[in-house]
Amino acid sequence: MKNLFKIWLLLLLPLGAFASSGIELEDADIDLSDYQSLENGAQLYVKYCLGCHSVKYMRYLNLADDFKIDQQEILDQVAPEGAGIYDKMLTAMNGHDAKKWFGTRPPDLSLIARSRGEDWLVSYLKGFYADKTKALGVNNTVFPSVGMPNPLWQLQGEQQAIIKKIDGRDVITKLVITEKGSMTPKQFDKAVNDITAFLVYASEPHQEERRSMGKYVLLFILLFGVIAYLLKKEYWKDVH
């Protein structure tokens with residue numbers, strides 16, 4: 001019973017931490033049929049995220065095939081220098097060093113979109129703000145005390161949290177850019193949505209095909225049900 005209580009307590013901790021932020025999750029605006037968006041998201045991911053986080057279930061060949069673009073373009077525009085088309089999207093960071101620098105090994109993000117959701121991902125990537133009380137100098141609205149720096153700070157710039165007292169608690173009501181990045185807010189929003197789209201794709205590469213096929217499967221089940229019902233009536237019509 002005591003162990004069960006501890007488990008419930010661990011499950012509730014993120015909820016309590018999230019309550020300190022009054023900022024709701026943003027709506028992701030992604031289109032998995034937009035291959036240009038997916039390619040741009042993959043390019044940004046490799047440049048700003050792959051240094052720490054692998055996507056071990058994806059190969060660069062998969063990107064070329066699924067995005068319907070030339071393999072050489074993937075190698076030139078997306079893959080890091082020296083990577084081969086059959087290579088997996090693995091970080092070059094040593095696990096021992098990662099644990100030493102960040103306290104834990106950065107997780108593989110192959111399935112992050114399925115476990116967290118696309119709205120959470122967008123909000124997370126846009127939710128970093130300066131916090132001098134933290135070792136890395138940043139915090140996050142949806143992942144309090146996050147153990148990593150803001151990977152997109154050069155693009156976004158630096159944000160400050162506006163905090164107000166609500167019911168006796170310090171609540172973050174909004175984030176304000178205090179130091180501009182290399183992108184405008186509109187450009188950064190698109191970049192974040194593209195990265196999120198790529199991670200959603202990576203979590204289930206054939207989901208668009210599955211959804212497209214699903215309507216035909218449902219139609220078949222419906223037609224088969226009608227035929228089965230009529231057949232049953234025909235067999236049983238003379239049974240009293």
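Rule-based calculations on the coordinates, nothing more; no lab input. Because the structure is a prediction, the values reported are computed rather than measured. Note that we place each Cβ from the backbone using ideal geometry, even for glycine, and neighbour counts take in every protein chain shown.
Here are the numbers for this structure:
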| item | result |
| --- | --- |
| Label-point separation in nm, R114 to R169, each point 7 Å along Cα→Cβ | 3.2 |
| Translational D in µm²/s for the chain (Stokes-Einstein at 37 °C, 0.692 mPa s, Kirkwood Rh from C-alpha pairs) | 157 |
| Residues of type aspartates and glutamates that K47 reaches as a straight line, Cα spacing below 18 Å, ignoring anything fewer than 8 places off in the same chain | E39, E73, D76, E81, D87, D108, D189, D194 |
| Angle in degrees between helix 35-48 and the longest Cα principal axis of the chain, rounded to the nearest 10 | 40 |
| Directionally averaged shadow of the stretch 121-181, computed from the convex hull of its alpha-carbon atoms, nm² | 4.2 |
| Label-point gap, in nm, between Y35 and W236 - each point 7 angstrom along Cα→Cβ | 5.2 |
| Formal net charge of residues neighbouring Q43 (Cβ-Cβ distance under 12 Å; K, R +1; D, E -1) | -3 |
| Fewest-first sequence of F128, F143 by Cβ atoms within 10 Å of each Cβ | F143, F128 |
| Selected from L155, I166, F143, residue furthest toward positive end of dipole (the stretch 128-175; charges at beta carbon) | I166 |
| For L223, L155, order by how many other beta-carbon atoms lie within 10 Å, fewest first | L223, L155 |
| Cubic angstrom per residue, convex hull over Cα atoms of the stretch 66-118 | 127 |
| Cβ charges +1 (Lys, Arg) and -1 (Asp, Glu), total dipole of the chain, debye | 1160 |
| Three-way shape label, the stretch 139-240, alpha-carbon gyration tensor, a/c 1.5 | prolate |
| Helix 185-203 vs. the chain, principal-axis angle (Cα, 0 to 90°, nearest 10) | 50 |
| DSSP bridge orientation in the chain - percent antiparallel, rounded to nearest 5 | 95 |
| Added length on full extension, which subtracts the Cα-Cα distance from 0.36 nm per residue, E81 to V176 | 30.6 nm |
| Extension gain, K56 back to K215 (0.36 nm per residue minus Cα-Cα distance, nm) | 54.1 nm |
